[in-house]
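Working notes for the structure below.
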Amino acid sequence: MMRTWRERLAGACLLWGLLAAGVHAADAVPLKGLSYAPPPAWVDAQVVPLDAAAPAEGLSQGRHYLLADEQVRVAGSTLTDYHHVATRAVNERGVEDIANVQIRFDPSYQTLTVHRIEVRRAGRVVSRVAPGALKLLQREASLESLIFDGRLTAHVALHDVRVGDIVETVYSVQGSNPVFGGRRFGSFDFDWGVPVAYRHARLLWPQGRPLHWKLHNGAQAASVTEASGELDHRWRLREVPARLVDENSPGWYDPYAWAEWGEFEDWSAVARWALPLYRLPAGPLPAVDREVARIAATTADPEQRLLAALRFVQREVRYLGIEMGTNSHAPHAPELVLQRRFGDCKDKTLLSLALLRGLGIPARPALVHTSLRQATAERLPTPWAFNHVLVQADLGGQRVWLDPTRAPQAGKGVAQWVQADFGRALLVDADTRELVPMAGLEARALKRELHAVLDASTGFDKPATLTVTTRTQGEAAEVLRDALATTARQDLQKQYLDFYAASYPGLTVDQPFTTRDDLDANTLELVEHYRMPSYWVRNDKLARWTGELEVPDLHEWLRRPKGLNRQGPLALRHPVDFKLVSEFRLPQTWDIKPDNVLVEDPAFTLRREESWRDRNTIVLTDRYETRADHVDASGMQRYVAQLDKARTGVSYNLYHQDAAVPAPATLGGDSPHWLPLVVGLLALSGLGVLTRRLYLWDPQPAALPPWGHAIDGLGGWLWLPLIGLAATLFTTGKTLLAALPALTVQAWSGLTLSSSPTYHALWAPLLLAELVANLTIMAGALLLLVLMLKRRSNMPRIYIGWMLFVAIVTLGDALASQIIPTLSEQWTAKDAGAAVRTWLSAWIWIAYFRRSDRVRRTFMRRLGHGQASAAQSGSASPA
């Protein structure tokens, strides 16, 4: 069976040494089981659609499958599997692929008959493979997984194959693995990851012999006819498009259309088939019995005996599968396995059962599928529904699931032991009727807790240290323990350093990491020590220090997945329980209000709690927990949006500023913050409307006394407000330009975020009010200049209102300067004097414009009427 734990580098090296002493992985072997003959008479030969056009999408490796024909015939105990495949090379890469023909079979119970292999060009056959041209190679396809299955590969390299040529391969494989006891089963695929012009599938089955079917993913039922005592099941599909599966899909996800067929009526029948394969010998097993006696002498506790037996098999019997012939599903004898000290999942399971029988602990094999998990129940009951076997033991009325193929496990008792969980299992027992649930999600939960301490308390321009303590338990502890056992410490140290250096530039190792492994509790602690030249980053333009509270370990779980436009589900590691406590020790004291974060999604939950200790240490406690093992394609947008929300929620910057509002000499820096930008644009729009309406406002001029008359031109004291308005445009514009850097994203965040040491609740409204006020003052000054030069009748009243507004703004600035600490510290007598002068000037000019005879006689013009009428002006001579 398939090896399901992890490949071990040491085991692979050992295997290569074993091969060097024997047969090489691709050596030619005698032509055993290979022959040449015409197709069987029962085969219904299909015509290759030579004129099929290659589709625009879906082609792979430069080839186009024109025909995929498979015909299976079961007659008595004989199964014959006939194949006819025709492939066209559409480019040079396709020529390389189709010119190398390979056919695999198991010579221990199968024979291969080659009917023909030929090359077609422009509709005619240009070459055929002569009998004897094929070579048999022993190519162990599962060598990297430490599995030998003994299968052979018939191989031939075709001559003179060109772009556009078609290679047809026609052959039959006869025979079935005797391990299945004469019961036949199989499947037909109806689409693949590449397009197929014509798919033909056929099953000839003896009439009256039980047959069971399972159609998957919309596969159509076969058309069935009867002839000569056989049922003829057929499928014909034309122009089958490619079906692509997204990367990072769950192992149980299978969107392809296909059909299963077989003789096993239910799961109970499969369990009865497997029962004799795992039946222990009745007589004594000397080597096994000696190990049983040793374990029994150490403890009488059934729980400790169980764990001791499993640990012995995990530790003393290395993984290596000799799965030739019937041993693809049948285990080797326990005595032989113990003698060899190697075996696959079947061998290690049967040896474990032998030990447990001798120790008086009831146990049985459990068949599972490591990828399908719960989806195993959706398959047709056959031995192919499983790819792994492990041990289910009874301990005090509790079912315990243990995998002898894992690396030696830690844990004082079953409570600390990581039990196996692959969703559903078939117990190899006479009483089995259905698949049963296994240990459950908690058994394989990945639990990890990190405590990161960043000490930057010595100063803003001083070195800082980072200490990361990782505490793991259960599954997470075993993963870390395996990494420590299989990877050089210096390599691990570099991996860890590179990971954190991506967040903290200049990071170096202060001292090598240390570990503390509690095998009884099955916990493992790893402590890393780093140093950095400086944690804080200086921004001279904004006159401040910035510190980013990074949480890179949490960001790993919140990373955006690749390929958001998916057709199928996205696989998630589940269950995960990750806790991160980040402690940042800061210089000086800070006055920041704690802020918590909660993001909930059907796939995960993220909680952040923020607290302060002694006003100079911030503690961020993050908890990330998964709630599902996948995200459906329809939920990807929601999932990604929640990930983005979570990443934004845990982003945390600290700012320490030299001044309340930075005022660099240039307008460089980052982009403007959206809020003041929007408020400014809205203010400009409103001021534009208001200014236009005030300009069009055309009131009657003030009435003149009988002796008064209109004055042409400006004179007297009116030159002073005219100069003042022009100066106001210049000074207010300069103030606005100087304040613009404070309205950028960085500066605005530094003043208005609760995480900033200069934060105050009034900063945001004050800055926005100042922006609107300055724009209003500038717009008013510009309008008044125009009205004054035109000597419009509405000018005096607008000027009085404008001066009142300036006085109120000045008063508001003074009050804000006393409320906000950073402003009150900078408020001086000079500032107070300037405010008093502004108020006095405002009241003086307001009184002058209300009472001055010159003002009344100067601003007489109306919009569209020119000079006021003589009747209104009077006829007296000028004063």
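At-a-glance table
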{"quantity": "Rg to Rh quotient for segment 351-411, alpha carbon positions, Kirkwood Rh", "calculated": "1.02"}
{"quantity": "Solution diffusion estimate, µm²/s, Stokes-Einstein, segment 553-593, Kirkwood Rh from C-alpha pairs, 10 °C, viscosity 1.306 mPa s", "calculated": "109 µm²/s"}
{"quantity": "Volume in Å³ per residue [convex hull over Cα atoms, computed for the chain]", "calculated": "261 Å³"}
{"quantity": "Table column - 3J(HN,Hα) (Hz), segment 174-187, Karplus curve with 6.51, -1.76, 1.60, x for Gly and Pro", "calculated": "10, x, 9, 5, x, 5, 7, x, x, 8, 10, 7, x, 7"}
{"quantity": "Calculated from backbone phi, Karplus (6.51, -1.76, 1.60) coupling profile of segment 412-427 in Hz, x at Gly/Pro", "calculated": "5, x, 4, 4, 8, 6, 7, 7, 7, 8, 10, x, 10, 9, 10, 6"}
{"quantity": "Under-5 Å amide H pairs with R63, H placed in peptide plane, nonlocal only", "calculated": "V90"}
{"quantity": "Within segment 539-568, trypsin sites (Lys or Arg not before Pro) in DSSP loop having at most 10 other beta-carbon neighbours inside 10 Å", "calculated": "R559, K562"}
{"quantity": "Gained length - R294 relative to K214, 0.36 nm times residue gap less alpha-carbon distance", "calculated": "23.9 nm"}
{"quantity": "Descending principal axes extents, segment 147-284, alpha-carbon based, whole Å", "calculated": "65, 41, 39"}
{"quantity": "Burial ranking of peptide ranges 855-861, 650-656 (average Cβ count within 10 Å, highest at the top)", "calculated": "855-861, 650-656"}
{"quantity": "Of V173, F188, W557, farthest towards positive along the dipole that unit charges on Lys, Arg, Asp, Glu beta carbons give the chain", "calculated": "W557"}
{"quantity": "Neighbour cut-off at most 12 other Cβ (10 Å), DSSP loop, trypsin sites (Lys or Arg not before Pro), segment 200-307", "calculated": "R279"}
{"quantity": "Neighbourhood charge, 12 Å Cβ-Cβ cut-off, centred on Y530 and excluding it, Lys, Arg +1 and Asp, Glu -1", "calculated": "-3"}
{"quantity": "Helix-only mean residue ellipticity at 222 nm for the chain, each DSSP H run of n ≥ 4 adding -39500 (n - 2.57), per residue, nearest 500", "calculated": "-9500 deg cm²/dmol"}
{"quantity": "Accessible-area composition of segment 353-404, carbon plus sulfur, in percent [1.4 Å probe]", "calculated": "46 percent"}
{"quantity": "Angle between the chain longest axis and helix 829-851 axis [Cα atoms, degrees, rounded to 10]", "calculated": "60 degrees"}
{"quantity": "Segments 160-172, 433-445, 351-363 sorted - mean Cβ within 10 Å per residue, highest first", "calculated": "351-363, 160-172, 433-445"}
{"quantity": "Extension gain, R538 back to L681 (0.36 nm per residue minus Cα-Cα distance, nm)", "calculated": "48.3 nm"}
{"quantity": "DSSP beta bridge pairing in the chain, given as percent antiparallel to the nearest 5", "calculated": "85 percent"}
{"quantity": "Gap separating the Cα centres of segment 380-441 and segment 455-489, nearest whole Å", "calculated": "34 Å"}
{"quantity": "Positive-end residue of P463, L675, P49, charge dipole of the chain with Cβ unit charges", "calculated": "L675"}
{"quantity": "FRET efficiency, R560 to V224 (Cβ-Cβ, R0 51 Å, nearest 0.05)", "calculated": "0.55"}
{"quantity": "Cα Rg, Dmax, segment 276-422, angstrom units", "calculated": "14.9, 46"}
{"quantity": "At R0 = 51 Å, FRET efficiency that the Cβ-Cβ distance of V581 and L729 yields, to 0.05", "calculated": "0.35"}
{"quantity": "In Å², nearest 10: area of D520 left accessible to a 1.4 Å probe", "calculated": "90 Å²"}
{"quantity": "Accessible area in square angstrom per residue, the chain, 1.4 angstrom probe", "calculated": "47 Å²"}
{"quantity": "Segments 732-743, 322-333 sorted - mean Cβ within 10 Å per residue, highest first", "calculated": "322-333, 732-743"}
{"quantity": "Cα convex hull volume per residue for segment 354-494 (Å³)", "calculated": "175 Å³"}
{"quantity": "Extension gain (nm, one decimal) between R854 and W839, 0.36 nm per residue minus Cα-Cα", "calculated": "3.1 nm"}
{"quantity": "Fraction of accessible area attributable to carbon and sulfur, segment 437-593 (%, probe 1.4 Å)", "calculated": "50 percent"}
{"quantity": "Surrounding net charge for K462, when Lys and Arg each add one and Asp and Glu each subtract one, Cβ distance under 14 Å", "calculated": "+1"}
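The values are calculated or read from the model by the stated rules, or taken from the named source; none is laboratory data. Just so it is clear, the model here is predicted, and its values are computed rather than measured. We place every Cβ from the backbone using ideal geometry, glycine too, and count neighbours over all the protein chains shown. Areas reflect the complete protein model, heavy atoms only, side chains present, ligands, DNA and RNA absent. Shrake-Rupley method; radii C 1.70, N 1.55, O 1.52, S 1.80 Å.
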